[in-house]
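Asker: Once you've had a glance at the structure underneath, I'll fire off some questions.
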2 protein chains.
Amino acid sequence: MKRVTLAEVAERAGVSVMTASYTYNRPERVSDRSRSKVLAAAAELKYPGPDPSARSLRRGSTRTLGIVMGEHLTYAFEDPQAVSFLAGIADVCAPRGYGMTILPITGAAEDASRVTSAAVDGFIVWTTSDDDPVMAAVQSMKRPAVVHGGPATPGLELVSIDNRAAARAVGAVVFVGARRPAVVSQPLSRERVSTISRGTDITDVLFPVTRHRLEGYRQAVEAAGVAWGDVTVAVCAHNDAAEAEQITATLLAGTSPPDAIAAMSDQQAAGVVRAVRAAGLVIPDDVAVTGWDDADVAARLGLTTVAQSLRDQGATCAYAALGQKPGSPASWSVVRRSSTRA
Amino acid sequence: MKRVTLAEVAERAGVSVMTASYTYNRPERVSDRSRSKVLAAAAELKYPGPDPSARSLRRGSTRTLGIVMGEHLTYAFEDPQAVSFLAGIADVCAPRGYGMTILPITGAAEDASRVTSAAVDGFIVWTTSDDDPVMAAVQSMKRPAVVHGGPATPGLELVSIDNRAAARAVGAVVFVGARRPAVVSQPLSRERVSTISRGTDITDVLFPVTRHRLEGYRQAVEAAGVAWGDVTVAVCAHNDAAEAEQITATLLAGTSPPDAIAAMSDQQAAGVVRAVRAAGLVIPDDVAVTGWDDADVAARLGLTTVAQSLRDQGATCAYAALGQKPGSPASWSVVRRSSTRA
DNA sequence: CTGTTAGCGCTTTCAT
DNA sequence: ATGAAAGCGCTAACAG
């Protein structure tokens, strides 16, 4: 069952290869008679249409966007925010007939070559770390490319909210009047180790999104009159309620239990809320809590949080990867609910 | 900024094009001296590696799987079950270095041509309707292809649980002792109209998964001594708790409010539960409820449901689309919890 | 409206 | 270990 070629179709139809090609690509330039002869021949031979790889080579375009979803592709579909982001890309790609190729990243050394061997017209990189080698691979492809969140990279657009400003703003709400503030953080590096520490050195943090948020929180606690060295930072390996719940239980059982906790996602905040309640404490009186993203769960739990639209940001990235002009910086706002004090 | 070619690299390195090519594809067949000359030349010229389209054309393989996610690509990322399915595909693709191209389906006439113009080695089709024209397009590509759920199609593998048997089994649980059974259904056709009717004609249903489930429910209600003509079927346009909640409220306010409701997803069942409670009724005493899929929400709400692993099924589909032997039929089971009687 | 020519950039023979 | 030739299947560019 060999592949039928356009040349075979043309021969069978009694026309030149170009007439057959035009039948598929510029039907208006072909007479009705020729066109129907070609289509009839194609049907007889069960020709499925021009070969996509040959067409891409000749045209220099694949009509496909490449998406790099972080160090473990498998996580991509477990994070609701990442899924919203993909939906935003789909909103732009589908109506234009662009496919979305999700590249097989696993965290291994081959990742770079998987980027360079992707047949795509442009790249979208989901937020990663400063030291991620795929950034160089994407740069080297010399195609339109955009990174969401960070790291900011020469030659790539950056689509992101101002995480530092947003963290400062939500931190001002959650940490007001707090004596023992704490942060439940996303990972600091691609090793994804979970730790609990105080006065965490922010400059070492390799995920720029996480770093900027920590910087914003730090500014907020200092504005509230607390030294950064007194702030506990609990780092979770994954964006997941269960882990946040457990680490929060540990914090609350410690010698200086926090009275205000800023989490870096609503999923984590949901775990924080469960742990606080399980400890018999009242939100926000005993412990104020904030999340991030304004997912469904935030409204359900009455969480104060940072609202942003990952879906819109996904769409913005898609436009950029298609080579269109970048939009304005992504917007955010603090949504105040009942999990924080007045 | 033109693309650098392998020929330019070879010339600069002072070797033949083939030596340069081998450097990338069979490094062991090239002397250390030649290899390092080639790599040095590539670095100087910023050659990003062999062009993927040219390579695909020559090799006849793209190392990418095509995924057809239903009539609106945009829905794919809104349905948690579909997302689990994608994660299962990723589990198989990532370690093998295969990319996943999600095809830009929109429900328009161009969908077929978007399938035929996809540069992929195999296809995975997410459950669709008997009359979906993309099935013919996938068949015509003569590549390994698999459909999840249905329709069963000559030339394509089918990966599915036995929906009829599963519906019969869960129906036996939810409808036991019921006098006025009802079904909250997924759409019957790609038009996705929402309707409420009795004695619904099952043979007309174009989504085979939905049809088989309705057939199973019908067998269960008849075994429970109720005529199908007395069963209300409420069809929701989307797989979404809010819509199920609203349509259930309508059913409960009607002249013969149901005392047992089988939903086709846990999301829908969650909406059913909310509507039942809002009406001041008790589960399962006044109304028994079942879901489908055994998602997180099912455990949270104590829902009796049909357990299946979409993630495993996604992985099975990926193996099939890679041309490997098909596995055994997918497994399912009924998980009994507190939303049904005895 | 149709056809001829000339590659797109690469890798599979098959030599040497 | 290296290289020359051939061509994967298609379409831009230009005739006619």
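Quick note: the coordinates plus some simple rules give every number you see, no bench work behind them. Quick caveat, the model's predicted, so the values are computed rather than measured. Every residue, glycine as well, gets a Cβ built from its backbone with ideal geometry; the counts of neighbours run over all protein chains shown.
Asker: Helix A:208-223 sits at what angle to the longest principal axis of chain A, using alpha carbons and giving 0 to 90 degrees rounded to 10?
Answerer: The helix A:208-223 is inclined about 30 degrees to chain A.
Asker: Summing +1 for each Lys or Arg and -1 for each Asp or Glu, what net charge is found among the other residues whose Cβ lies under 10 Å from the Cβ of residue A:84?
Answerer: Net of charged neighbours comes to -3.
Asker: Also: Can you give me the relative contact order of the range B:163-307 as a percent, contacts being Cα pairs under 8 Å and 6 or more apart?
Answerer: 27 percent
Asker: Where a Cα-Cα gap under 17 Å defines reach, which aspartates and glutamates qualify for residue B:46, not counting those fewer than 8 residues away within the same chain?
Answerer: B:8, B:11
Asker: Say each of residue A:162 and residue B:3 gets a label point 7 Å from the Cα, pointing the same way as Cα to Cβ; how far apart are those two points in nm?
Answerer: 4.1 nm
Asker: Specify whether the C-alpha gyration tensor of the range A:1-144 places it in the rounded, prolate or oblate class, a ≥ b ≥ c being the square roots of the eigenvalues: rounded for a/c under 1.5, otherwise prolate if a/b is larger than b/c and oblate if not. Please list the in-between numbers first.
Answerer: Details: a/c = 3.00, a/b = 2.55, b/c = 1.18.
Prolate, since a/c reaches 1.5 and a/b exceeds b/c.
Asker: Let me ask something else about it. Ranking A:292, A:228 by Cβ neighbours within 10 Å, fewest first, what do you get? Mind showing how you got there, number by number?
Answerer: Numbers: A:292 27, A:228 18.
Ascending number of Cβ neighbours within 10 Å: A:228, A:292.
Asker: For a quick check: with amide H placed at 1.01 Å from N, whose amide H comes under 5 Å from residue B:179's, ignoring anything fewer than 5 positions away on the same chain?
Answerer: The answer is B:259.
Asker: Shifting gears a bit: Work out, in µm²/s and without decimals, the Stokes-Einstein translational diffusion coefficient of the range A:64-159 at 10 °C, 1.306 mPa s, Rh from Kirkwood over C-alpha pairs.
Answerer: Numbers: Rh = 13.2 Å.
D, rounded to a whole number, is 120 µm²/s.
Asker: Could you tell me which residue out of A:223, A:62, B:66 lies farthest along the dipole of the protein assembly as shown toward its positive end? Charges go on the beta carbon: Lys and Arg +1, Asp and Glu -1, centred on the Cα centre.
Answerer: About the Cα centre, the residue reaching furthest to the positive side is A:62.
Asker: With charges set only on the Cβ (+1 for Lys and Arg, -1 for Asp and Glu), what does the dipole of the protein assembly as shown come to about its Cα centre, in debye to the nearest 20? Please list the in-between numbers first.
Answerer: On the way: 70 positive and 70 negative charges, 396 e Å.
So the dipole magnitude of the protein assembly as shown works out to roughly 1900 debye.
Asker: Output, in nm with one decimal and in ascending order, the distances from the residue B:14 label point to the matching label points of the other copies (7 Å from Cα along Cα-to-Cβ).
Answerer: Spacings between copies for this position, smallest first, are 6.0 nm.
Asker: When Lys and Arg each count +1 and Asp and Glu each count -1, what net charge do the other residues less than 14 Å away from residue A:303, Cβ to Cβ, add up to?
Answerer: Residues close to residue A:303 contribute a combined charge of +2.
Asker: Have a look at the DSSP beta bridges in chain B and tell me what percent are antiparallel, nearest 5.
Answerer: In chain B, approximately 20 percent of DSSP beta bridges are antiparallel ones.
Asker: Every other copy gets compared here: list the nm distances from the residue B:331 label point (7 Å along Cα to Cβ) to its counterparts, shortest first, one decimal.
Answerer: 5.1
Asker: Cα convex hull of the range B:163-307: mean projected area in nm², to one decimal?
Answerer: If you wrap the Cα atoms of the range B:163-307 in a convex hull and average its projections, you get 7.3 nm².
Asker: Test of understanding: ordering A:322, B:214 by Cβ neighbours within 10 Å, fewest first, what list do you get?
Answerer: Exposure proxy ranking, most exposed first: A:322, B:214.
Asker: Nothing charged except the Cβ atoms of Lys and Arg (+1) and of Asp and Glu (-1): what's the magnitude of the dipole of the range B:1-131 about its Cα centre? Round to the nearest 20 debye.
Answerer: In total the dipole reaches around 1220 debye.
Asker: Now for a different question. Taking every DSSP beta bridge with both residues inside the protein assembly as shown, roughly what % is antiparallel (nearest 5)?
Answerer: Just about 25 percent of them are antiparallel.
Asker: Now, a different point. Residue B:325: which aspartates and glutamates have alpha carbons under 18 Å from its alpha carbon, excluding same-chain residues fewer than 8 sequence positions away?
Answerer: B:91, B:121, B:157, B:312
Asker: Pop the C-beta distance of residue A:43 and residue B:130 into the FRET formula with R0 = 22 Å and round what comes out to the nearest 0.05.
Answerer: Numbers: r = 22 Å, r/R0 = 1.01.
Computed FRET efficiency for residue A:43 and residue B:130 comes out at 0.50.
Asker: Please work out the FRET efficiency for the pair residue B:203 and residue A:242, using the Cβ-Cβ distance as r and a Förster radius of 51 Å; give the result to the nearest 0.05.
Answerer: 0.65
Asker: Still on this model: Pop out the ³J(HN,Hα) list for the range B:194-205 in order, Karplus 6.51 cos²θ - 1.76 cosθ + 1.60 with θ = phi - 60°, rounded to Hz; leave Gly and Pro as x.
Answerer: These are the phi-based 3J(HN,Hα) values: 9, 8, 10, 8, 10, x, 3, 6, 6, 5, 7, 5 Hz.
Asker: Once amide H atoms are placed 1.01 Å from N in the peptide plane, what residues at a sequence separation of 5 or more from residue A:185, or on another chain, have their amide H within under 5 Å of its amide H?
Answerer: A:234, A:235, A:236
Asker: Something else: Measuring from a point 7 Å out along Cα→Cβ, what nm distances, shortest first, does residue B:140 have to its partners in the other copies?
Answerer: Ordered by increasing distance: 3.9 nm.
Asker: Looking at B:307, B:334, B:320, which one has the Cα that reaches farthest to the positive end of the dipole of the range B:255-342 (charges on Cβ: Lys, Arg +1; Asp, Glu -1)?
Answerer: Going by the charge dipole, the pick is B:320.
Asker: Based only on other Cβ atoms within 10 Å, what is the fewest-to-most ordering of A:28, B:222?
Answerer: Details: A:28 6, B:222 14.
The most exposed by this proxy come first: A:28, B:222.
Asker: If you stretched the chain out fully between residue A:25 and residue A:109, how much longer would it get, using 0.36 nm times the residue separation minus the C-alpha to C-alpha distance? Provide the component values of the computation, followed by the final result.
Answerer: Values: separation 84, 0.36 × 84 = 30.24 nm, distance 4.06 nm.
Gain on extension, residue A:25 to residue A:109, equals 26.2 nm.
Asker: Contact order normalised by length for chain B, with contacts defined as Cα pairs under 8 Å and 6 or more residues apart; what percent is it?
Answerer: RCO, chain B: 16 percent.
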